[in-house]
Each structure stands twice: as C-alpha cells, then as structure tokens.
1. Choose one answer from Glu163, Glu350, Glu260: the residue with the largest mean-square fluctuation in a GNM of the chain with alpha-carbon springs under 10 Å.
2. Gap in Å between the Cα centre of the stretch 64-104 and the Cα centre of the stretch 194-244?
3. Report the net charge of residues surrounding Gly52, where surrounding means a beta-carbon distance below 12 angstrom and charges are Lys +1, Arg +1, Asp -1, Glu -1.
4. Through the Karplus equation 6.51 cos²θ - 1.76 cosθ + 1.60, θ set to phi - 60°, convert the phi angles of the stretch 102-109 into ³J(HN,Hα) values in whole Hz; use x for Gly and Pro.
5. Evaluate E = 1/(1 + (r/R0)^6) for Asp86 and Glu308, where r is the Cβ-Cβ distance and R0 equals 45 Å; express this FRET efficiency to the nearest 0.05.
6. Any idea what the dipole of the chain comes to, in debye rounded to 20, about its Cα centre with Lys/Arg Cβ at +1 and Asp/Glu Cβ at -1?
7. Convert each backbone phi in the stretch 299-314 into a coupling constant with the Karplus relation 6.51 cos²θ - 1.76 cosθ + 1.60 (shift: θ = phi - 60°), then list the ³J(HN,Hα) values in order as whole Hz, x for Gly and Pro.
8. Would you mind checking which residues have amide H under 5 Å from Ala53's amide H? H placed 1.01 Å from N; only 5 or more apart, or other chain.
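The values are calculated or read from the model by the stated rules, or taken from the named source; none is laboratory data. As the structure is a computational prediction, the values presented were derived from the model and not from experiment. Neighbour counts run over all protein chains shown; Cβ positions are idealised from the backbone, glycine included. Accessible surface areas use protein heavy atoms only, side chains included; no ligands, DNA or RNA. Shrake-Rupley method; radii C 1.70, N 1.55, O 1.52, S 1.80 Å.
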Amino acid sequence: MTLRTIDSLGPLAGKRVVVRCDLNVPLRDGVITDDGRVRASVPTITTLVAQGARVIVVSHLGRPDGAPDAKYSLAPVAARLGELLDRSVGFATDTVGSDAAAKVAALGDGEVLVLENLRFNAGETSKNEAERTAFAGELAEFADAVVSDGFGVVHRKQASVYELEQLRPSAAGLLIAAELDVLDRLTENPERPYAVVLGGSKVSDKLGVIAHLLPRVDALLIGGGMLFTFLAATGHKVGSSLLESDQIETVQGYLTEAAERGVDIVLPTDVVVAASFSADADHVVAAADSIEATPFGASGLGLDIGPETATAFADRIRGSKTVFWNGPMGVFELAPFAAGTRVVAEALTEVDGLSVVGGGDSAAAVRQLGFEDDQFGHISTGGGASLEFLEGKKLPGLEVLGWQ
Ligand code: ADP
Ligand code: MG
C-alpha cells in the first residue's frame, strides 16, 4: 500500500488541519543558523492555505524535558515561517493550553498558526502508550484532519507522529512524499553504477545501512571517523584516531562479504593527521598504512581523508549514476579538515544521475561549505529516518499513513 495523500482528505476549505512538521532547526542565541527544515515545510503549508484550510502547525524543537523551556521556544521559527510564506503567522505560547485553544478558535480560513513546542508536553515522547494517546487526544481536539509532514521524525513512535494520525483522517504531506520517492529510488532498481559514500563519526551508527546496502550497491566509499575502524580491520595502526575496536570483527565480515559479492569497498589511501583536535593544530598528510609514522607518532589524530583519496572518491562519484552520501569525510567544522568533505560535495553536484545527501550533519556541512540545495538531486531533511528507511526498517510514522 502507498501513502495516503492530501487529496484523500477531501475538500479542506474551512477545515482545521493540524500539520505535523519537523521544524527542529539549529539555533544559536535564538537565531536560526540553518532554516532548511522550515523551507522544506513550505510547500505543504502553502497547498493547505490555498485550499482555504485553517492551518495549525505543530513541531518539536530540541530535547526539552517534557516541560516548557524558553530556549527551545518555536517563536523564532514561527517568525521565519511567516517571512518564507510572506504572510502573517500566528503563534500560541502553549501547545494544548488556553492560548492555543483561543487562537485555534479564532483562526480564519487560509490562516496559519504555529503552536508552541510539542515536547514541552511529557505525553509527546512518553514511553507509555496511554500517555501518548492522551496527549494526541488533546491535539486532536484542534483537528478536523491531520497532515503528517515531519519526515525527520517518522521513525519515532511519538504522540504527534503515530497516535494523532490514528485519531483523525490523516495523510502524508508533500515533503514526506518527496523524501520517500527519492529513498525508494535508492533501494528499488537504482540506476547503475550505484555508489554509497559513508562518513561521519561512528561506524556503529551506520552498520545497519552498510548491511542492508551491501547487496544493492556497486561501490561503498568509506571516509570520516569510521574509516579508521576499517583501516584497523585491514591490519593498520591508526594512532589516536577515532576507533571502535568492538566493531573490527563486524567490519571484517563486511569486507569479506563485499569481496564475495564483487562490491568495491573503497578505503582511503591517505589521511590528514593532526597533533590535536583543534583548528590551529599542526597537521600533515600521511599514507593510510603508516599513520603512526608522522612526527606525532601514536598520538596523531586522523581528522580528514587526504587529497589523493578525495580525488579518487570524486572520480568514482562522478562516474556513478546513483550516489547516496551520508556523513562528512572529516571534521569539516574545523577549516583545515574540511577539504575532503568539500571535494566529495563538489563531485556530488556533478553527478549525471541521482545524487542524494542524507544526515543532519552532512546537510549542514554542504550548506556551511557554500553549496546550494538545488545543486544536489535531493538533500534529505531526516538523518535518522532516512538511514532507518535504507536499513529496510518499518517506520511507524509512515505505517499510520498507509505505507507498507
Ligand atoms: P550525519 O549527521 O550526517 O549522519 P554523523 O552524525 O554521523 O553525520 O557525523 C558527523 C560528525 O562526524 C561531524 O561532526 C564530524 O566532525 C565528525 N567526523 C568526521 N570525520 C571525523 C574524524 N576523522 N574524526 C572525528 N570525527 C569526525
Ligand atoms: Mg549527526
């Protein structure tokens, strides 16, 4: 079965539609540093406004402890949404309290109201189903229909993602539909050659994806912190670089499986090794098999792939028809260690086919490095959700929308 779409809800003029978005943006001193998720929510909201619905937007922001916490207020997000929609957007200072109730009641056709952070209410993320259902029931009081569009949270069984959708007629928004369309193309008959580029901090986060994608891809390119566990698995010393010793055996299993299947696991041939974890640390390029031969010896830290590796990865990426990339190639937050990530991002923009960037930090990295979203085939708004989808898991927030 496929997702129920907004059309399935029938005419929405004058109806109160609660839209579950993922507006969990990074904030610094109350200022949004990356509004990608707010922009991604616009098409669905615009569609509902155009139909004359009374649009009630709900979202979480950060991880408040089930109670109001001013630093996680959605007020700045509501303001940004108003700018992007170019219309006035109301804001309720609570989620299901008296301010929300009054403002929902006063909402006119085609108007937009944002309710305060869902996670200011313990029921939203409670492990107890009855508590989640009770909170979902309070939200449902405001809804004639529900549109679920927070792709970043569909892998979570939370009140606004899972229970609410079962209490009212519900459908997927345009963002979820677009995300699934792309992820589907990565798992069902991808155009070949198909390369997957993995980086980021921990192998253990990505093992499920490696296992699920190994039978489906032509090449797996390994960078980021996880590359050192791969190097260790092939018998090399990695100095003081990130290493998950308990994963070495699993990684060796993947290397064997890949060889049997004829899948290339492409490992770095050189890495950037630094004296310490800081932007002004001394650093050198070292061969991947002799990381401890630098002046820093066993205390050297591998913080990026080297230039030779970056070029090899870029060639491989440009020669592919389908590329999925998750996880920065190095510690891109520190300028001297951003080059590998930049070269890989650049190559993705040149793919003649489908290029997809998934993962919160990866999306932030390409934007921070000055790339525009439309240079890629798709930038997924949901890191965990897209990875779990690619792991072949069933996602509760999609199942309640008819997805199987
Ligand atoms: P995503 O959110 O895109 O899935 P991850 O959360 O897995 O990505 O990883 C992102 C982090 O990985 C970044 O903060 C980056 O600094 C870090 N990282 C990349 N390479 C290394 C490395 N060699 N050593 C330590 N951390 C690294
Ligand atoms: Mg991350």
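1. Glu260
2. 41 Å
3. Numbers: positive: Lys15, Arg16, Arg54; negative: Asp109, Glu111.
Neighbour charge sum, excluding Gly52 itself: +1.
4. With the stated coefficients, the stretch 102-109 comes to 5, 6, 5, 4, 8, 5, x, 4 Hz.
5. Working: r = 48 Å, r/R0 = 1.07.
The calculated FRET efficiency here is 0.40.
6. Details: 33 positive and 55 negative charges, 146 e Å.
Roughly 700 debye, rounded to the nearest 20.
7. These are the phi-based 3J(HN,Hα) values: 9, x, 10, x, 10, 6, 6, x, x, 5, 5, 4, 5, 5, 4, 4 Hz.
8. Under 5 Å from the amide H of Ala53: Gly14, Gly110.
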